[in-house]
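Taking it in order: structure first as structure tokens, then the write-up.
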Amino acid sequence: QVQLAESGGGLVQAGGSLRLSCAASASGRTLSRSAMGWFRQAPGLEREFVAAISWNSNTFYVDSVKGRFTISRDNAKNIVYLQVNSLKPEDTAVYYCALDQDGSSWPLLTPDYWGQGTQVTVSS
């Protein structure tokens, strides 16, 4: 069983920044070969892909966040980060961490596990 716990969301003005974190825990197993990523869901909309990172730190982003968001990971700590800069009101959403155990569909993610989400609200 894998558990994902997000943190770092909050309320920020347009143009501001946040750093989202996702701590993964899995008893008795390593997650260093897994692909991980972030999705988001705004009110009334479907959940959408934001960014992904492979086990060896290749990255992939949705076009709308390229140049503003940066995904990274620390395999020793089983943590993935999403640095979100130059935030816009349309970035307001619940951000979810996801883990794809084998990453075989890279650069797409087929999540096997999801976190509970962290709210990001950007005011204009």
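Computed over the chain with a Gaussian network model linking Cα atoms closer than 10 Å, the most mobile of ALA23, ALA35, ALA52 is ALA23.
Solvent exposure of the chain, expressed per residue, is 51 Å² of accessible area, with all protein chains present and a 1.4 angstrom probe. When the convex hull of its Cα atoms is viewed from all sides, the chain shows a mean projected area of 7.0 nm².
Dipole check for the chain: with +1 at the C-beta of Lys and Arg, -1 at the C-beta of Asp and Glu, and the Cα centre as origin, the magnitude is about 300 Debye. Computed over the chain with a Gaussian network model linking Cα atoms closer than 10 Å, the most mobile of LEU11, LEU82, LEU99 is LEU11. Each Lys or Arg adds one and each Asp or Glu subtracts one; over the other residues with Cβ under 11 Å from the Cβ of THR110, this totals -3.
Taking SER54, SER72, SER104 in turn, the Gaussian network model of the chain (Cα-Cα springs below 10 Å) assigns the largest fluctuation to SER104. The stretch between GLN13 and ALA42 holds 8.7 nm of extra length on full extension. This uses 0.36 nm per residue minus the Cα-Cα distance.
Could you check how much of the accessible area of segment 65-120 is carbon and sulfur, as a whole percent, using a 1.4 Å probe?
47 percent
Computed over neighbours whose Cβ is under 13 Å from that of ALA35, the net charge equals -1, Lys and Arg +1, Asp and Glu -1.
Based on alpha carbons, the Rg and Dmax found for segment 15-66 are 13.5, 41 Å.
Each residue of segment 115-120 is assigned a 3J(HN,Hα), and the resulting list reads x, 7, x, 9, 7, 10 Hz, derived from the Karplus form 6.51 cos²θ - 1.76 cosθ + 1.60 (θ = phi - 60°), x at Gly and Pro.
The values are calculated or read from the model by the stated rules, or taken from the named source; none is laboratory data. Just so it is clear, the model here is predicted, and its values are computed rather than measured. Glycine gets a Cβ as well: all are built from the backbone with ideal geometry, and neighbour counts include every protein chain shown. SASA here: full protein model, heavy atoms, side chains in, ligands and nucleic acids out. Shrake-Rupley method; radii C 1.70, N 1.55, O 1.52, S 1.80 Å.
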